[in-house]
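Let me begin by presenting the structure, written as C-alpha cells, before commenting on it.
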Amino acid sequence: REVVRRTGKLPAHGSTVTVTIPPTDSHFQTGQAYVYVPPGWFKNPEPQLPVIELIAGIPGEPSDWTRAGYADTTSTAFAATHFGLAPILVIPDNNGSAQDTECANTHLGNAETYLAKDVPAFMQASFNAAVGERSLAVAGLSDGGTCATMLALRNPHVYSTFASYSGYASPTYLDDTVQQTIAQLFGGSKAQYEAHNPVHVLTGGRYVGMGGWFTAGESDPQPLADTKQLARLARPTGMEVCLTTLAGTHSFEFWAQAFRESLPWISWRLGLTPPPKSVAARCEPPVP
C-alpha cells in the first residue's frame, strides 16, 4: 500500500495471504485460512470491498481453491477489466480437526457460527470489508456447494448471494446414508437434519432478495440431478435463481470454470460492478 501511495499505480496482481481467523464466538477449533485481495484493495483511501466466502469440498482443504481452482488468478483477471476491483476472497477451514462438519453446529464443533459470524467479523476488522446488506456471498464446490446453500438459507441476513458448484441437495456425513448422517452428525435428531437440509428448508420458504447460482457438470449425474432439483425448489421462494449446466465432470477443471463464469454475476449482486452484459446461465428473473 505504501508503494501505491508513493507511485499512484496499482499492483498488476492481487495478493493472497495466509491468516488465522480467531473463533471468537464459535470456539471452533480450526486451521489456517486464506485471503485474496484484488489490486484495487491497495488504493488510498482504502475501499470497503464485499467478500466472497469460498468453501472447499470433502475430502479437501482451503488451499484447493487457489492451488487447483485458480480463484485468485480468476479474480485478478476480473479485476483487470474493472479498474482493479473485485470482491475479496476468504477461504476458511470449515472442518478444522473434524473430517466433515457439513458446516453445521454439532458435537464436532460450531462450524456454522464460525463461518457465518466469526469469519465475516474478522474480514471487517482486518481487511476493512464492506458491511451491511449485500456485502457477503458464499460459494462452494462439491460438498462445499451444499454448505454454501445451507449457510445462505439459514443465515439470509448474513449472505445475500450464494453459488453451488456441483453441490448436493442434502447434507451427507462422509459417505453415510441419510439415517447414518442423522445418527452420526445430528445426534439422532431428524428435525435437526431437516433444519440443515436445503430440500426441506426451501420447500415453502421465502427468500425474496436473495440470489442463488446453481451449476453442475453434464457428466456428473448426482450433482446434476440435485442442482436441477434445488433450482426448481428455489424459484417459488422469490429468490433470483440462475441455473446452468456445463460440459464437465466432478473436477477442479469444471469448478474453476464455474467460478469464473459466476464471478461477474456475484460481483454485481454484491453491488461492486455493473450488471454483466451477458450471463452464462438462465436467470429468473433475468439480469437487467
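Scanning region 78-95 for residues that are surrounded by fewer than 18 Cβ atoms within 10 Å (Cβ to Cβ) and touching a helix residue (DSSP H, G or I) at 6+ places or on another chain (Cβ under 9 Å) turns up Ala80, His82, Phe83. Annotation: of all residues in region 143-168 being more than 17 Å from Ala111 (Cα to Cα) and in contact with a Ser or Thr (Cβ under 9 Å, 6 or more places away or on another chain), the one that is most open to solvent (accessible area, probe 1.4 Å) is Tyr168. Checking each residue in region 246-285 for being under 19 Å from Gly140 (Cα atoms), open to solvent by 20 Å² or more (accessible area, probe 1.4 Å), outside any helix (DSSP H, G or I) and touching a residue at least 40 places away in the same chain (Cβ under 8 Å) picks out His250, Ala281. Here Met123 passes the criteria (1) open to solvent by less than 10 Å² (accessible area, probe 1.4 Å); (2) under 17 Å from Leu270 (Cα atoms); (3) under 14 Å from the mean Cα position of the chain (by Cα) except the one numbered (3).
Let's see how each residue does on (1) over 19 Å from Gln180 (Cβ atoms); (2) of a type outside the set (D, E, K, R):
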{"residue": "Thr101", "(1), (2)": "no, yes"}
{"residue": "Asn105", "(1), (2)": "yes, yes"}
{"residue": "Glu112", "(1), (2)": "yes, no"}
{"residue": "Asp118", "(1), (2)": "yes, no"}
{"residue": "Val131", "(1), (2)": "yes, yes"}
{"residue": "Arg134", "(1), (2)": "yes, no"}
{"residue": "Val138", "(1), (2)": "yes, yes"}
{"residue": "Gly145", "(1), (2)": "yes, yes"}
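Of everything listed in (1) in contact with a helix residue (DSSP H, G or I) (Cβ under 9 Å, 6 or more places away or on another chain); (2) part of a loop (DSSP other than H, G, I, E, B), the single unmet condition for Pro288 is (1). If you check Leu243 against the conditions, is it open to solvent by less than 10 Å² (accessible area, probe 1.4 Å), among the aliphatic types (A, V, I, L, M) and either farther than 30 Å from Leu85 by Cβ or outside any helix (DSSP H, G or I) (or both)? It is false that Leu243 is open to solvent by less than 10 Å² (accessible area, probe 1.4 Å), among the aliphatic types (A, V, I, L, M) and either farther than 30 Å from Leu85 by Cβ or outside any helix (DSSP H, G or I) (or both).
The values are calculated or read from the model by the stated rules, or taken from the named source; none is laboratory data. Here the structure is a predicted model, which is why all the values come from computation and not from measurement. All Cβ positions, even for glycine, are placed from backbone atoms using ideal geometry, and neighbour counts span all protein chains on display. Side chains included, ligands, DNA and RNA excluded: accessible areas come from the protein's heavy atoms. Shrake-Rupley method; radii C 1.70, N 1.55, O 1.52, S 1.80 Å.
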